Structures are given as structure tokens and as C-alpha cells.
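Q: Could you have a look at this structure, given as C-alpha cells, before my questions?
Each reported figure results from applying straightforward, stated rules to the coordinates on display, with no laboratory input. Values in this document were obtained by computation on a predicted structure and should not be read as measured data. We place every Cβ from the backbone using ideal geometry, glycine too, and count neighbours over all the protein chains shown.
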Amino acid sequence: MDWSDWSFWQWLSAAFALVVAIIGIKFAVNFDINRYLEGRKNAQKKKLTALCPHTELRLLESGEILIESRFHSPMGTTAYICGQCGLVVHDQNAALRVSQDWGSNPIGWLKADKRFRKAYDKFYGI
Ligand SMILES: [Zn+2]
């Protein structure tokens, strides 16, 4: 290849390709694997929170099904924290509503709990 035959546009595209390559290398050098993993972990945790039913299903001796909220309010706070996934809500009604919703849909709860368990085991590598 004779470089002296290169047209202006060929030189320009070659220069452009070089700039893109330099930016790519700079990005690769700045790429922090720990931050990337941290970001992924946070995203997975968020997904876990979204899958959590925030309730516990109990079968009573009488054969009745009881859906109990996993939200509890630590002393001295007005926040409610899910004991299973760590979701924090500041509205008691919202926490109650979750249990009421699942209370009318125990089959849906079983499915949701199964999905959560699967995601949980995957996340914590159990
Ligand atoms: Zn939860």
C-alpha cells in the first residue's frame, strides 16, 4: 500500500479510527472491575427487593392460612424494614397493604416466594 496515494478522506477516516482507538484504550484503563461488580450487585439486590413478597405465609393448625407482614419498625424510627430483603418504607399503610394484597392471593404468594427464593439462592450462591 502506497500511503502517498491516500486521499484526504482516507486520512481523515484513519485519524478518526485512531482517536476512537485511543478513547477505547483510555476507557479500558479507567474501567474499574470492582465498581462494575458493585453496580451489578446493587442491581441484583434491587431485583431481589422487587421479587420479595415482604410477607410470610403460615399454615395454622386449624387449617387456616395466615399471611404475616415481614415489615418491622426498629425502635426510635418511623421506618418499616422488611426482615427478608431489607426494603425500607416510611408508610405503615403501605406495609399493611402488602400483607392484605397477598392475603387475598395465597397461590400468588407461593409463586412469588418461589421466584424470590430462586433469585435469593442465585444472589448469595447457595
Ligand atoms: Zn421484602
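Q: Can you run down the residue pairs with Cβ atoms below 7 Å, 6 or more apart or on separate chains, where the first is in the range 47-62 and touching a residue at least 12 places away in the same chain (Cβ under 8 Å) and the partner is among the aromatic types (Phe, Trp, Tyr) and more than 12 Å from the ligand (Cβ to nearest atom)?
A: If the second residue must be among the aromatic types (Phe, Trp, Tyr) and more than 12 Å from the ligand (Cβ to nearest atom), the pairs left are Leu48/Phe123; Pro53/Trp109; Thr55/Trp109; Leu57/Trp109.
Q: I need every pair where a residue in the range 98-126 that is part of a helix (DSSP H, G or I) has its Cβ under 7 Å from the Cβ of a residue that is of a type in the set (Ser, Thr, Tyr), sequence separation at least 6 or different chains.
A: From residues that are part of a helix (DSSP H, G or I), the pairs are Val98/Thr55; Val98/Ser69; Ser99/Thr55; Ser99/Ser69; Trp102/Thr55; Trp109/Thr55.
Q: Just to be sure I understand, how many residues within the range 89-110 are surrounded by 12 or more Cβ atoms within 10 Å (Cβ to Cβ) and closer than 24 Å to Ala43 by Cβ?
A: 3
Q: When you scan the range 3-60, how many residues do you find that are surrounded by 11 or more Cβ atoms within 10 Å (Cβ to Cβ), away from the ligand (no atom under 16 Å from the Cβ) and among the hydroxyl-bearing types (Ser, Thr, Tyr)?
A: Matching residues across the range 3-60 total 1.
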